[in-house]
Amino acid sequence: KEFTMEELKKEIYASKSITKNQIQMIKIPIQTSFTNFSTLSSDYCTKEGLSEVVLASWMENHVLWDKIRTTGGAYGTGCLSENPINRFSFNSYRDPNPIGSINIFKNIFTEIKDLDFSKDEMEKVILSLYASIICPVSPKGRGEQGFNDLIYAEPEDLRKKKFEMLLSLKPSDVKAAILRLEEAVKKEWYAVIFCDKSVKNSGNIIKIPL
């Protein structure tokens, strides 16, 4: 069954879970759990915003993969900087320990801020991102990209300009992004979509019978 926001509003307000710095527990009859964490990012097509794009790509393939997938046991995890809508987001899916994943997301910037983000490491990330725009694309891929460009109001020439700007970034820009996001996460909300067996602590729960 699908629910409209008007139908869910009563349950959401009654749960008192829409409070900053408090995990929103969304209980539905499923066999596994998912998490989402989102915070404010910098503006689109700026040095700050592009530094966060580089950081998100590096985190997803390194520190988050190790902590959420390898150690935590989740089927997968993601990290995305969506500068056009000013959001920096984390997620995990098929996650046996969603509360643990949320706590990792909340503290991750503090943990990595003293890491040595080398020039070589940064070049690898930038080359990977740059390859995604210059590599040949199938007709289907071009259609998907055109649709995304329309949704995000991102014309092709502006997207190419963004990737050209990536080449001018320095490790210090990424370090600055870590410090910005470390402060930003202190003001945000967190959500867990869970089944009965995956979350032991109660918290404030929104129950959605499907």
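The values are calculated or read from the model by the stated rules, or taken from the named source; none is laboratory data. Quantities reported herein were computed from a predicted structural model and do not represent experimental measurements. When we count neighbours, we look across all protein chains shown, and the Cβ atoms used for this are built from the backbone with ideal geometry, even at glycine. Quick note on the areas: whole protein, heavy atoms, side chains included, nothing else; ligands and nucleic acids left out. Shrake-Rupley method; radii C 1.70, N 1.55, O 1.52, S 1.80 Å.
List of remarks:
- The lone criterion from (1) under 22 Å from SER42 (Cα atoms); (2) surrounded by 15 or more Cβ atoms within 10 Å (Cβ to Cβ) left unmet by THR110 is number (2).
- Residue within the stretch 139-148 that is part of a loop (DSSP other than H, G, I, E, B) and over 18 Å from GLU48 (Cα atoms) present: no
- Flag set for LYS162, criterion: closer than 20 Å to TRP58 by Cα, surrounded by 15 or more Cβ atoms within 10 Å (Cβ to Cβ) and in contact with a Cys (Cβ under 7 Å, 6 or more places away or on another chain).
- From the options ASP66, ASP95, ASP116, residue that is more than 12 Å from the chain's Cα centre (by Cα) and more than 18 Å from THR35 (Cα to Cα): ASP116
- Only one entry in ASN91, ASN36 is open to solvent by 70 Å² or more (accessible area, probe 1.4 Å), part of a strand (DSSP E or B), farther than 19 Å from MET165 by Cα and in contact with a strand residue (DSSP E or B) (Cβ under 9 Å, 6 or more places away or on another chain), namely ASN36.
- If you go through the stretch 53-88 and keep only what is open to solvent by 10 Å² or more (accessible area, probe 1.4 Å), in a helix (DSSP H, G or I) and among the β-branched types (Val, Ile, Thr), you end up with VAL53, VAL63, THR70, THR71, ILE85.
- Test result for GLY78, under 11 Å from the mean Cα position of the chain (by Cα) and at negative phi: yes
- The residues of the stretch 149-178 that are part of a helix (DSSP H, G or I), in contact (Cβ under 8 Å) with a residue 24 or more places away in the chain and more than 23 Å from ILE112 (Cβ to Cβ), listed by number, are TYR152, LEU158, ARG159, LYS160, LYS161, LYS162, PHE163, MET165.
- Residues of the stretch 83-97 that are touching a Phe, Trp or Tyr at 6+ places or on another chain (Cβ under 7 Å) and more than 18 Å from GLU60 (Cβ to Cβ): PRO84 alone.
- Residues in the stretch 40-52 that are buried (at least 19 other Cβ atoms within 10 Å of the Cβ), outside any loop (DSSP other than H, G, I, E, B) and touching an Asp or Glu at 6+ places or on another chain (Cβ under 9 Å): GLY49, LEU50, SER51.
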